[in-house]
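Colleague: Below are the C-alpha cells for one structure; questions will follow.
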Amino acid sequence: MNAQRTVALNALHVTARIGVYEFERMEERPFIIDAALTMPCEIVADPVQLDESVDYEAMLALVLDELKTPEFLMESVANRLAMRMKETFPVAKEFFIHIQKINPPLKAEVGSSSVKLEVSY
C-alpha cells in the first residue's frame, strides 16, 4: 500500500532574535514553532527503519541552528528552513512550519503573532 507519513515537531518552545525592531534582534524573545515534513511511504508489516523516515532530532537541530542568527522577519526564517529541510531530507515531499512570536511588541495586548508556510517540493 502506498501512503504518506508526516514527522513533526509540535509546540517547540525556543528563544530567538527575530523582529523588525532593533531590540528584538538584540535580546532573545520566546517563540513556539511547529514544523512537519511529509514523505511517501509503503505500508508493510516489517518494522520501519530510521533511514525510511525523517529523524526528528535532525529536524530539531536544523531549526535551532537557523534560529542562532538574528533576523528581521519570521517569513525569512521559514523560507530558509524550507530550503534547508529539502536539502537535508530529499525524501520529503511537503514541509510545513508555523512560527509564533509570543507577546509581540504591539500597541495592544496580543498573545502571539505568527507566520505559516506550507511548501510542496
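The values are calculated or read from the model by the stated rules, or taken from the named source; none is laboratory data. This is a predicted model, so every value here is computed, not measured. With ideal geometry, Cβ positions are generated from the backbone for all residues, glycine too; neighbour counts draw on all protein chains shown.
Colleague: On the basis of being out of contact with any helix residue (DSSP H, G or I) (no Cβ under 8 Å at 6 or more places or on another chain) and either hydrophobic (A, V, I, L, M, F, W, C) or within 23 Å of Ala3 (Cα to Cα) (or both), does Ala36 make the cut? Working first, answer last.
Modeller: Working: out of contact with any helix residue (DSSP H, G or I) (no Cβ under 8 Å at 6 or more places or on another chain): yes; either hydrophobic (A, V, I, L, M, F, W, C) or within 23 Å of Ala3 (Cα to Cα) (or both): yes.
Judged against the criteria, Ala36 is a match.
Colleague: Continuing with the same structure: Name, by its number, the condition in (1) at pLDDT below 95; (2) more than 21 Å from Val91 (Cα to Cα); (3) in contact with a helix residue (DSSP H, G or I) (Cβ under 8 Å, 6 or more places away or on another chain) that does not hold for Phe23.
Modeller: With (1) at pLDDT below 95; (2) more than 21 Å from Val91 (Cα to Cα); (3) in contact with a helix residue (DSSP H, G or I) (Cβ under 8 Å, 6 or more places away or on another chain) applied to Phe23, the lone miss is (3).
One line per residue, one yes/no per condition, for (1) touching a helix residue (DSSP H, G or I) at 6+ places or on another chain (Cβ under 7 Å); (2) part of a strand (DSSP E or B):
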{"position": "Leu9", "(1), (2)": "yes, yes"}
{"position": "Ile32", "(1), (2)": "no, yes"}
{"position": "Val44", "(1), (2)": "no, no"}
{"position": "Val48", "(1), (2)": "no, no"}
{"position": "Val54", "(1), (2)": "no, no"}
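Colleague: I'm trying to understand the selection: among the residues of the stretch 13-30, which are surrounded by fewer than 17 Cβ atoms within 10 Å (Cβ to Cβ), part of a strand (DSSP E or B) and either under 13 Å from the mean Cα position of the chain (by Cα) or in contact (Cβ under 8 Å) with a residue 60 or more places away in the chain (or both)?
Modeller: His13, Val14, Pro30
Colleague: Another question about this same structure. For the stretch 64-102, which positions are hydrophobic (A, V, I, L, M, F, W, C), assigned to a helix (DSSP H, G or I) and closer than 23 Å to Glu27 by Cα?
Modeller: We begin by selecting, within the stretch 64-102, every residue hydrophobic (A, V, I, L, M, F, W, C); these are 64, 67, 72-74, 77-78, 81-83, 85, 89, 91-92, 95-97, 99, 102.
Now drop any that are not assigned to a helix (DSSP H, G or I), which leaves 64, 74, 77-78, 81-83, 85.
Listed by number, the residues that qualify are Leu64, Met74, Val77, Ala78, Leu81.
Colleague: Continuing with this model, one more query. Under 7 Å between Cβ atoms, which residue pairs at least 6 apart in sequence (or on different chains) link something in the stretch 93-121 that is exposed (fewer than 15 other Cβ atoms within 10 Å of the Cβ) with a partner that is among the basic types (Lys, Arg)?
Modeller: Ser112/Lys101; Ser120/Lys93
Colleague: Next question. How many residues are out of contact with any Phe, Trp or Tyr (no Cβ under 7 Å at 6 or more places or on another chain) and surrounded by 17 or more Cβ atoms within 10 Å (Cβ to Cβ) when one looks only at the stretch 36-65? Give the derivation first.
Modeller: As a first pass, look at the stretch 36-65 and keep what is out of contact with any Phe, Trp or Tyr (no Cβ under 7 Å at 6 or more places or on another chain): 38-53, 55-65.
Now restrict to residues that are surrounded by 17 or more Cβ atoms within 10 Å (Cβ to Cβ): 38-39, 59, 62-63.
Summing the residues that are out of contact with any Phe, Trp or Tyr (no Cβ under 7 Å at 6 or more places or on another chain) and surrounded by 17 or more Cβ atoms within 10 Å (Cβ to Cβ) in the stretch 36-65 gives 5.
Colleague: If you take the residues in the stretch 31-54 that are acidic (Asp, Glu) and in contact (Cβ under 8 Å) with a residue 40 or more places away in the chain, which one is nearest to Lys86 (Cα to Cα)?
Modeller: Restricting attention to the stretch 31-54, the residues satisfying the condition of being acidic (Asp, Glu) are 34, 42, 46, 51-52.
Next cut, in contact (Cβ under 8 Å) with a residue 40 or more places away in the chain only: 34, 42.
Details: Asp34: 17, Glu42: 20 Å.
Among residues in the stretch 31-54 that are acidic (Asp, Glu) and in contact (Cβ under 8 Å) with a residue 40 or more places away in the chain, the one nearest to Lys86 (Cα to Cα) is Asp34.
Colleague: From the list Val54, Val48, Val44, Val14, pick out the single residue that is in contact with a strand residue (DSSP E or B) (Cβ under 6 Å, 6 or more places away or on another chain) and more than 27 Å from Ser112 (Cα to Cα). Break it down stepwise before answering.
Modeller: On the way: Val48 fails: in contact with a strand residue (DSSP E or B) (Cβ under 6 Å, 6 or more places away or on another chain); Val44 fails: in contact with a strand residue (DSSP E or B) (Cβ under 6 Å, 6 or more places away or on another chain); Val14 fails: more than 27 Å from Ser112 (Cα to Cα).
Just a single option satisfies the conditions, and that option is Val54.
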